[in-house]
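The values are calculated or read from the model by the stated rules, or taken from the named source; none is laboratory data. Here the structure is a predicted model, which is why all the values come from computation and not from measurement. All Cβ positions, even for glycine, are placed from backbone atoms using ideal geometry, and neighbour counts span all protein chains on display. These area figures cover heavy atoms from the full protein model, side chains too; ligands, DNA and RNA do not enter into them. Shrake-Rupley method; radii C 1.70, N 1.55, O 1.52, S 1.80 Å.
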Amino acid sequence: MMEKVIFFTIIMGFLITVLLSPLFIPFLRRLKFGQSIREEGPKSHLKKTGTPTMGGIMILLSITITTLVMTGKFSEPTVKIYLLLLVTLGFGLLGFLDDFIKVVMKRNLGLTSKQKLLGQIIISVIFYFVLQQNEFSTEIHIPLTDFSFDLGWMYVFFIIFWLVGFSNAVNLTDGLDGLLSGTAAIAFGAFAVLAWNLSQFEISIFSVSVSGAVLGFLVFNAHPAKVFMGDTGSLALGGAIAAIAILTKLEFILIIIGGVFVIETLSVILQVISFKTTGRRIFRMSPLHHHYELVGWSEWRVVVTFWSVGLLCAILGIYIEVWM
């Protein structure tokens, strides 16, 4: 029974996005919701100026509809499902406001970093308090060891760090056509497997619905992209995968499965530290995917390489959690 639910979940998520996109993309064009390309970015990206953005709305609609329908087939949606939707839609709303300010109001920086951070913290704190009302464990387990420790009330700071950190890490990865769509599909698919292994079937359904939605989006986001997801999609996906890791108590496994997101973030941090301390850049440009573009790799080669690394990270994460 559950196998069929999972199968139809990914199909439903995929089809909703695929069917919405031909209707929604022209609508975005008519509203002139076109992406502005940063002048300091790779020059080859300037030709992408005007490509419709905020396509993350389609992903969020697909995830929400698919999750509620398919969890309803299995059982009533649980508190964990509502928490996952809270984080996904809450972070998605922040991304939407950021995109709207950039694209429609023509303020290229969107929300200020303080405004965005405040919104992310508020959602994270609500997430924490709902968990506490449901007597959720505040212990954290270290993979490959028998060691775990209880953070107690300080767990709220861990949740804030994890949700904010990974939402921004995933956001940094969204820089090339299809890059985030593919890596996200792989990472959420891995968590679907792990949630299934833990008999947390509702989380597995949610994870698969996300994979289906982003794979459907990839049909229109692969190079050359007809639409971008924008911060509406990337912030939502980052918050969602961090929330899944917390709810399944696989917080540190996320570092492995989300290895591409971690590497992209580290490349930015290292670049900033190096430039501020020595005046030199480690990479030609950060995040890391831009470095390989400027080295001479084609956009498609960079994307496929990062997908491959993401797949290896996912397999490693599953192997460590299930078989070690």
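Numbers below:
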{"read-out": "Residue within the stretch 98-115 that is among the small types (Gly, Ala, Ser), out of contact with any strand residue (DSSP E or B) (no Cβ under 6 Å at 6 or more places or on another chain), modelled with pLDDT of 95 or more and assigned to a helix (DSSP H, G or I) present", "value": "no"}
{"read-out": "Inter-residue pairs, beta-carbon under 9 Å, first open to solvent by 20 Å² or more (accessible area, probe 1.4 Å) and in the stretch 47-58, second modelled with pLDDT of 90 or more and among the hydroxyl-bearing types (Ser, Thr, Tyr), 6+ apart", "value": "Ile57/Thr232"}
{"read-out": "Members of the stretch 301-324 found to be at pLDDT 95 or above and either farther than 10 Å from Ile257 by Cβ or of a type in the set (Ser, Thr, Tyr) (or both), listed by number", "value": "Arg301, Val302, Val303, Val304, Thr305, Phe306, Trp307, Ser308, Val309, Leu311, Leu312, Tyr319"}
